[in-house]
Amino acid sequence: MARWRAARTLRGMTYTLVLFDLDDTLLDFTGTQAVAFEATVARYDIDGQGGALYARYQEYNRDCWRRHERGELSKTLLRSERWRLILRSAGAGHLPHEQVAESYLEELPRHPLLVAGAVEVCAALAEQVTLGVVTNGFESVQHRRLAASPLAEFISFMLTSEGVGTPKPGRPLFDRALQLGEAVTHDSVMIGDNPSSDIAGANAIGMHSIWFNPTGAAPEPGVAATHTVRRLDELLELPRMPRVG
């Protein structure tokens with residue numbers, strides 16, 4: 001029944017290409033990151049301080065990604081800078097932060113946790129349209145994480161900011177996705193949890209956007225998605241959307 005509804009809805013919306021963000025849209029990166037972090041600090045015998053260290057790491061990580069999206073921090077430096085900061089904060093600045101950072105990245109693909117409904121929704125949509133992933137994550141890590149998940153069979157292609165050379169919301173990732181999906185903007189849609197990268201990036205090129213907002217967060221000023229959903233299965237129930245342009 002769900003697959004029939006997906007086919008009907010997508011024909012109404014006339015989409016031929018559906019693009020997903022990966023982290024915290026299809027794969028539960030929040031959960032994966034926590035498990036990988038704990039495994040990494042345990043490996044190097046670092047005191048996790050009852051979860052306080054991980055909370056600080058999240059702050060450093062968010063700040064580093066914002067700097068990267070603004071073009072202030074390269075992807076290579078981002079990998080290690082967040083760990084340099086957290087090790088110094090933990091009184092473990094003597095440890096080789098680049099080595100610790102690589103150990104953490106090796107842990108991530110070992111824990112392919114899924115967002116609820118991801119498999120069912122991708123299975124339904126893949127019968128009717130091309131599914132692609134565009135992510136600001138690291139090239140080798142993201143491909144290994146997707147390959148280790150049951151979603152891999154439904155995804156036609158995945159592009160990373162590292163592979164293309166520009167992070168979302170920059171246009172090159174979206175343009176390349178349209179080429180691979182043999183689609184145009186008004187027949188495509190971007191689905192993601194990050195308004196400033198996923199939604200703003202799609203909006204900037206005239207592509208429909210769907211904000212996946214499971215926590216009910218307030219919208220970012222000046223960034224309006226075509227639709228907002230709190231569960232992935234709501235995607236299969238969306239009404240017809242007008243074409244852009």
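Please tell me if Gly181 is over 27 Å from Thr76 (Cα atoms) and modelled with pLDDT of 95 or more.
On the way: over 27 Å from Thr76 (Cα atoms): yes; modelled with pLDDT of 95 or more: yes.
Against the criterion (over 27 Å from Thr76 (Cα atoms) and modelled with pLDDT of 95 or more), Gly181 qualifies.
Just so you know, in segment 116-146 the residues that are free of Cβ contacts under 8 Å to residues at least 60 places away in the same chain and among the hydrophobic types (A, V, I, L, M, F, W, C) include one that is farthest from Glu106 (Cα to Cα), and it is Ala126. If you go through segment 177-191 and pick out every residue that is among the hydroxyl-bearing types (Ser, Thr, Tyr) and not in a helix (DSSP H, G or I), you end up with 1.
Of the residues in segment 218-227, at least one is β-branched (Val, Ile, Thr), modelled with pLDDT of 95 or more and either buried (at least 23 other Cβ atoms within 10 Å of the Cβ) or out of contact with any Cys (no Cβ under 8 Å at 6 or more places or on another chain) (or both). Looking only at segment 95-112, residues that are at pLDDT 95 or above and outside any helix (DSSP H, G or I) come to 2 in all.
Within segment 64-94, can you find the residues that are surrounded by fewer than 16 Cβ atoms within 10 Å (Cβ to Cβ), in a helix (DSSP H, G or I) and in contact with a helix residue (DSSP H, G or I) (Cβ under 8 Å, 6 or more places away or on another chain)?
First, pick out the residues of segment 64-94 that are surrounded by fewer than 16 Cβ atoms within 10 Å (Cβ to Cβ): 66-67, 70-72, 74, 76-77, 88, 91, 93-94.
Right, trim to in a helix (DSSP H, G or I) and you get 66-67, 76-77, 88.
Of everything in segment 64-94, just one residue is surrounded by fewer than 16 Cβ atoms within 10 Å (Cβ to Cβ), in a helix (DSSP H, G or I) and in contact with a helix residue (DSSP H, G or I) (Cβ under 8 Å, 6 or more places away or on another chain), namely Arg67.
So, of the residues in segment 192-212 that are under 13 Å from the mean Cα position of the chain (by Cα) and in a strand (DSSP E or B), which turns out to be farthest from Asp23 (Cα to Cα)? Among them, the one singled out is Trp211. Applying the criterion of being more than 22 Å from Tyr15 (Cα to Cα) and buried (at least 22 other Cβ atoms within 10 Å of the Cβ) to the residues of segment 121-169, the residue that is modelled with the lowest pLDDT is Gly137. Residues in segment 67-89 that are of a type in the set (A, V, I, L, M) and at pLDDT 95 or above: Leu85, Ile86, Leu87.
The values are calculated or read from the model by the stated rules, or taken from the named source; none is laboratory data. Predicted model only: the values in this text are computed from it and were never measured. Counting neighbours? That spans all protein chains shown, and the Cβs are built from the backbone with ideal geometry, glycine included.
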